[in-house]
Amino acid sequence: MKIKETINELSDIVKKISKLGDNEDDILNEINSLMIPKKSHQLKELSDKYLRKNSDEPVGYLRRVIIEKVISKEIVTKEFIEERKNKYKIKPKTFSSWNLKRLLMPLLITSETISYIKNSFEKIQSYITQEVRSFSDLKYKTYIFDKGRNFFYPGIWFSCYNKSYPSPKNCKQLFFEIVQNGEIKYGFSEKPDDSGIRTEVKLDDFDVNKMIDIFKENIDKILNDINGKDKDIDKKINQNDEVNDKGHDYIQKQKSNLCNYPLNQILYGPPGTGKTYHSKRLALEIISGKNIEKLENRLDQYKKFLEQEQIQFITFHQSYGYEEFVEGIKPILVDNNEELSKDLVYKIKAGIFKQMCEKASREESKQFVLIIDEINRGNISKIFGELITLIEEDKRINAAEEIFTCLPYSNENFGVPGNLYIIGTMNTADRSIALMDNALRRRFKFVEMMAKPQLLRDVVVRKDDVEIKIEQLMKKINERIEFLYDRDHTIGHSFFWDLKKEDLVDPYQDLCNIFSNKLIPLLQEYFYDDWEKIQMVLGDHLKQFENFGKADKSKWNEEHLDKKYRFVPSFTNLEGNKTMEMQVLGFDHEDIDDTKVCYKLNNLEDISALVFTKIYDEETYDKIKDEINNREKDKMKSESTDNDQSQ
């Protein structure tokens, strides 16, 4: 049987490598033999892997120094390694568990050997798939002389487990292993207590059919072993004996909503709609596995995950590139002990994305979230480079179509783990979603986040006898912005969110500050040099004063309106009056419009509170007109009285 022959060959490889690892002198001899010409290809492979990496991690750095010594044809000794351990350790126990076997054996396992073992495992898995129903529905994890953290382990194995888990660490699994003496282990394991069915036989006694039988008997246990995030929902299903098909579909949909967060998603919308805030809430839900509403001490939880580097937060900008995100060559100053000065050296430095991928690969049982704020402001092809393909869900490590790529600087084989989530935020006022890089649009789920004025329904700001309803004010402003510009440039509820606080000293002054420091400058940016449209948004336009309200519809002129009723008052030279032109220029220029309209921003400390309510309440215009007319009547009456007295 070809499968038995494949297993025999794998057993020989394991015994040979394990035997070499049993003797430290033999390991050193093999390391030193790498300098001979016939092993030059192996030495080059190590050189590409370790010398270009320039790892700051002590073990990686020590391996690099050892390879450099072999390349220079110097003998590597135990004394040299111990001396370097003492020099490079950053903590008392840095190298405590790193004997020569663990340190050096990974240098002696060639890529050809690893590739051959992977191909052989695929043959074995393919054979099992033909014999065991639904075996192809499981996820596979392969270990080749490694148990994590780059420790050498004298054995190879693969495990098969439910796809709902990021790794086989804490779940039920079927496994096949060849240990250091060439013996075979296989069976069904109940993690984390490691109970189950475990069979260990010598190579000559191994019967592949018996292994197939055990796999057949336990395959349903694996298929039904759902991730812990789903257990509460499954409990509800089991408790309800009368769940009909419709109800079952609904529960399954809820399960999907809670557990299957997209690996890549972008929250997009106008400014102030809570995209960054919501991205942090999503990160907490993904890592904790709980609904955000059920989480206590959310801020403390978020800070804890930041400190543990399970959450990282970055912002893209026009200058951000591949070197900061993935890896690049960076200048570093190092001490020169002989000259008591510093030397400038260049090292390959891992970027934030690569660092998170490496950490997520090491800690497979945990979830990691990278939040990219303002993702649309960066040059996506320049930042992601060749990794834009690797972030796809089916191209991740251990996925159905996993892909690895060779990084350009370090020459490392690199893949993106399935437990790293990417959440981007995008301000549509900066760039419409229609203009987004197609490569990004195809690989991310886009979640629209629009303004929610209803969240401000209970917010009312009072000034004297005027009540300003913030929900209605915001809705009307957005209606006008969408009509005059587009919906991507509306304003979000977070602009007014601070007004919800109960401890505000002067809410009206805070509202004035929001308009003068945030809202009006934003409108100036939207409607650059078009002050008439800004007036329309804020209800300041002369035609709005003429047409809104039930009072007299007669025409008003700019000077007729008191500036305290407008955010952006305007004034003009009426009826060809050249006073302003003469005052500014000193003469009447025939090419300059004598009736030019001028605009200026009002000092909000001097305005009436009615200026806010008129934005959404047409009847306010009647109140303003009444106040102006009454004031003019009083003025005329006063002037008439003065004239009578003077006569």
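Across the range 159-215, the number of residues qualifying as of a type in the set (Ser, Thr, Tyr) and outside any loop (DSSP other than H, G, I, E, B) comes to 6.
Checking each residue in the range 344-357 for being more than 10 Å from Ile329 (Cα to Cα) and open to solvent by 60 Å² or more (accessible area, probe 1.4 Å) picks out Leu344, Gln355. From the list Glu412, Glu393, Glu402, Glu386, the one residue that fits, being open to solvent by less than 40 Å² (accessible area, probe 1.4 Å) and among the acidic types (Asp, Glu), is Glu412.
If you filter the range 494-503 down to residues that are open to solvent by 20 Å² or more (accessible area, probe 1.4 Å) and within 30 Å of the chain's Cα centre (by Cα), you find that the one that is farthest from Glu618 (Cα to Cα) is Lys501. Would you check if Thr6 is at pLDDT below 85 and of a type in the set (S, T, N, Q)? No: the conditions fail for Thr6. Among the residues of the range 13-25, the ones that are surrounded by 13 or more Cβ atoms within 10 Å (Cβ to Cβ) and among the charged types (D, E, K, R) come to 3 in all.
Of the residues making up the range 370-411, those that are more than 25 Å from Asp488 (Cβ to Cβ) and assigned to a strand (DSSP E or B) number 3. Of all residue pairs spaced 6 or more apart or on separate chains, those with beta-carbon atoms under 8 Å, a first member in the range 122-143 that is closer than 18 Å to Val208 by Cα and of a type in the set (S, T, N, Q) and a second member that is open to solvent by less than 20 Å² (accessible area, probe 1.4 Å) and not in a helix (DSSP H, G or I) are Gln125/Phe158; Gln125/Cys160.
Scanning the range 195-216 for residues being within 42 Å of the chain's Cα centre (by Cα), under 19 Å from Gln125 (Cα atoms) and at pLDDT below 90 gives a total of 1. Among the residues of the range 69-78, at least one is open to solvent by less than 70 Å² (accessible area, probe 1.4 Å) and either of a type in the set (Lys, Arg) or in a strand (DSSP E or B) (or both). Hey, does the range 107-123 have a residue that's closer than 15 Å to Val65 by Cα and either open to solvent by less than 90 Å² (accessible area, probe 1.4 Å) or in a loop (DSSP other than H, G, I, E, B) (or both)? Yes: one or more hits. Here Glu324 passes the criteria (1) touching a helix residue (DSSP H, G or I) at 6+ places or on another chain (Cβ under 9 Å); (2) modelled with pLDDT under 90; (3) in a helix (DSSP H, G or I) except the one numbered (2). Scanning the range 270-287 for residues that are open to solvent by less than 40 Å² (accessible area, probe 1.4 Å) and more than 16 Å from Phe496 (Cβ to Cβ) yields Lys275, Ser279, Leu282, Ala283, Leu284, Glu285, Ile286, Ile287.
Just one of (1) touching a residue at least 60 places away in the same chain (Cβ under 8 Å); (2) surrounded by 12 or more Cβ atoms within 10 Å (Cβ to Cβ) fails for Gln318. It is (2). Scan the range 455-476 and tell me whether some residue there is open to solvent by 50 Å² or more (accessible area, probe 1.4 Å), within 22 Å of Leu604 (Cα to Cα) and in contact with a Pro (Cβ under 6 Å, 6 or more places away or on another chain). Within the range 455-476, one or more residues are open to solvent by 50 Å² or more (accessible area, probe 1.4 Å), within 22 Å of Leu604 (Cα to Cα) and in contact with a Pro (Cβ under 6 Å, 6 or more places away or on another chain). Checked against (1) under 30 Å from Asn513 (Cα atoms); (2) in a loop (DSSP other than H, G, I, E, B); (3) at pLDDT below 65; (4) open to solvent by 60 Å² or more (accessible area, probe 1.4 Å), Glu559 passes all but condition (2).
The values are calculated or read from the model by the stated rules, or taken from the named source; none is laboratory data. Bear in mind the structure is a predicted one, so any value in this text is a computation, not a measurement. No Cβ is skipped: glycine too gets one built from the backbone with ideal geometry, and neighbour counts run over all protein chains shown. Protein only, heavy atoms only, side chains kept; ligands, DNA and RNA dropped before computing areas. Shrake-Rupley method; radii C 1.70, N 1.55, O 1.52, S 1.80 Å.
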